[in-house]
């Protein structure tokens, strides 16, 4: 009886931990959101012009001031992305403030939003694209774990940093 | 009569000083070094508070094996390795902020528990030589850790992000950035008092662990652990499953070390993949010993005092080294040899005390036998 209760307790604990881990995976998924203030040309035969200026505020913090052809970015944890845009359509106009809420796809790390297309109410394929980092030639990194374990290659391991670092 | 009282008071003071030689020595060193280093009190307090938040959880997890008489658990590093594997996975899955920290802690549990179980089982096979065994197990498991992180991750365990993978396509980079997790625990609920940032949430977690330790000592399992720590044979005769109790103490220590390592890494904001865990055990043990703990006895107070003194020395040593010799590297060397030296001194003192107690007991037994013989 006692061992049965114990097994139930262990299973319940594991279940609770798995449930918490699952929740954390959903609510903690981080994304990098990029905002483009660029003209969308020739979408179904029409151009959607870039704004004169857009100020992007995320969680009360101004993250980007975008002139024409500018790109800004912000990080966001979770899937319900919210931002406030202060849009100046033409030079000399008063900025119009808009609250925007976008559902971010779970599997995508970097999301690019074309603001003129999004604010024109176009379908998702017009304003949404996935950010693909440009491939760069990387400097060769020393392979870790290769070499003399005792750090006595030539200099008896006594030169330079002691490897203590900041503890 | 008065002279006798003075003599006994002097003896007890000497005994106290002898028992607390290491903390007293560190207090003197710090008192000499602080003015030489020339830091402001505000800076020192800020640094100490930050380092307490970073290290205390790790130091406290050493108390469980000491409770069970297994000495200083050098194998707490295994928990740190478990946490590092968990944090690499969490970083690759892009789980950021507090959820990332919580997920890393949960994920570290199976790794740390498994490694703790292996370590506890091996230590049971080497009773009486637990510390050296745990020290060597450390190296053994480190080899496996390197194999997993260097060859299995990316080739068998899927790793998606190129930013944490070596350019060759498998294996993890020397450093993994935890920028999106950096100090998220410390900053949440943080308060500032006269420019000193107090990471309240981290201290709440430390306080919870302290409360758990206090509560645990009073439970049946805690009492069993203490009984095992006092005398293996007596505990066995009393019907306690000695081996199981010892394994549980090591498992608890490694699991909490895993949590502690996650707290440590979120504070640092990056993970040195191949070296992050290697010196954690040594420095935590040194800190605990500096606080006045010994191989067979340690308390929460020792952990707090140790972290404060040890890290105070760490902060001021390079400045003092620069003041004395003009080269901060001397201070750097000084703090390294002091930390290893403190462990050596503590181990020697423990052994010497044990021998003294043994010979004293032998003498008393001989005297008692002599008196008994005389009476007959």
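List of remarks:
- For the residues B:69, B:97, the requirement of being at positive phi and more than 14 Å from chain A (Cβ to nearest Cβ) singles out B:69.
- Test for residue A:42: is it part of a strand (DSSP E or B) and farther than 30 Å from residue B:96 by Cα: yes
- Taking the range A:1-50 as the range and being in contact (Cβ under 8 Å) with a residue 24 or more places away in the chain, more than 14 Å from every other protein chain (Cβ to nearest Cβ) and either farther than 30 Å from residue A:99 by Cβ or touching a helix residue (DSSP H, G or I) at 6+ places or on another chain (Cβ under 9 Å) (or both) as the test, the residues that pass are A:35, A:36, A:37, A:38, A:39, A:40, A:43, A:48, A:49, A:50.
Each row is one residue, and each column tells you yes or no for (1) modelled with pLDDT of 95 or more; (2) under 23 Å from residue A:110 (Cα atoms).
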| position | (1), (2) |
| --- | --- |
| B:117 | yes, no |
| B:156 | no, no |
| B:161 | no, yes |
| B:165 | no, yes |
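- The residues of the range B:154-175 that are assigned to a strand (DSSP E or B) and away from every other protein chain (no Cβ under 12 Å) amount to a single one, B:157.
- Complete set of residues in the range B:313-331 that are surrounded by fewer than 18 Cβ atoms within 10 Å (Cβ to Cβ) and facing chain A (nearest Cβ under 10 Å): B:329
- When residues of the range A:72-97 are limited to those that are touching a residue at least 40 places away in the same chain (Cβ under 8 Å) and in contact with a helix residue (DSSP H, G or I) (Cβ under 9 Å, 6 or more places away or on another chain), the one surrounded by the most Cβ atoms within 10 Å (Cβ to Cβ): A:77
- Residue match in the range B:194-203 (condition: surrounded by fewer than 16 Cβ atoms within 10 Å (Cβ to Cβ), more than 12 Å from chain A (Cβ to nearest Cβ) and at positive phi): yes
- Restricting attention to the range B:100-110 and to residues that are out of contact with any strand residue (DSSP E or B) (no Cβ under 7 Å at 6 or more places or on another chain) and buried (at least 24 other Cβ atoms within 10 Å of the Cβ), the residue that is farthest from the other protein chains (Cβ to nearest Cβ) turns out to be B:108.
- Flag for residue B:372 being part of a helix (DSSP H, G or I), modelled with pLDDT under 85 and within 14 Å of another protein chain (Cβ to nearest Cβ): no
- Residue within the range B:128-136 that is farther than 28 Å from residue A:16 by Cα, surrounded by fewer than 21 Cβ atoms within 10 Å (Cβ to Cβ), facing another protein chain (nearest Cβ under 10 Å) and at pLDDT below 95 present: no
- Of the set (1) within 14 Å of chain A (Cβ to nearest Cβ); (2) free of Cβ contacts under 8 Å to residues at least 24 places away in the same chain; (3) part of a loop (DSSP other than H, G, I, E, B), all apply to residue B:179 but (2).
- Checklist (1) in contact (Cβ under 8 Å) with a residue 40 or more places away in the chain; (2) more than 19 Å from the chain's Cα centre (by Cα); (3) within 25 Å of residue A:132 (Cα to Cα) applied to residue A:53, failing item: (3)
- Residue A:29 closer than 30 Å to residue B:110 by Cβ and surrounded by 11 or more Cβ atoms within 10 Å (Cβ to Cβ): yes
- Residue list for the range B:230-272, filter: over 19 Å from residue B:135 (Cα atoms), more than 14 Å from chain A (Cβ to nearest Cβ) and part of a helix (DSSP H, G or I): B:230, B:232, B:233, B:234, B:235, B:236, B:237, B:242, B:243, B:245
- Some residue of the range B:130-138 being touching a strand residue (DSSP E or B) at 6+ places or on another chain (Cβ under 7 Å) and either free of Cβ contacts under 8 Å to residues at least 24 places away in the same chain or closer than 18 Å to residue B:257 by Cβ (or both): no
Residue-by-condition table, conditions (1) more than 19 Å from the chain's Cα centre (by Cα); (2) outside any helix (DSSP H, G or I):
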position	(1), (2)
B:208	no, no
B:224	yes, no
B:228	yes, no
B:275	no, yes
B:313	no, no
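- Qualifying positions in the range A:52-71 - crowded, with 16+ Cβ neighbours inside 10 Å and assigned to a loop (DSSP other than H, G, I, E, B): A:52
The values are calculated or read from the model by the stated rules, or taken from the named source; none is laboratory data. Fair warning: this is a prediction, and the values are worked out from it, not measured in the lab. Positions of Cβ are generated from backbone atoms using ideal geometry, with glycine treated the same way; all protein chains shown enter the neighbour counts.
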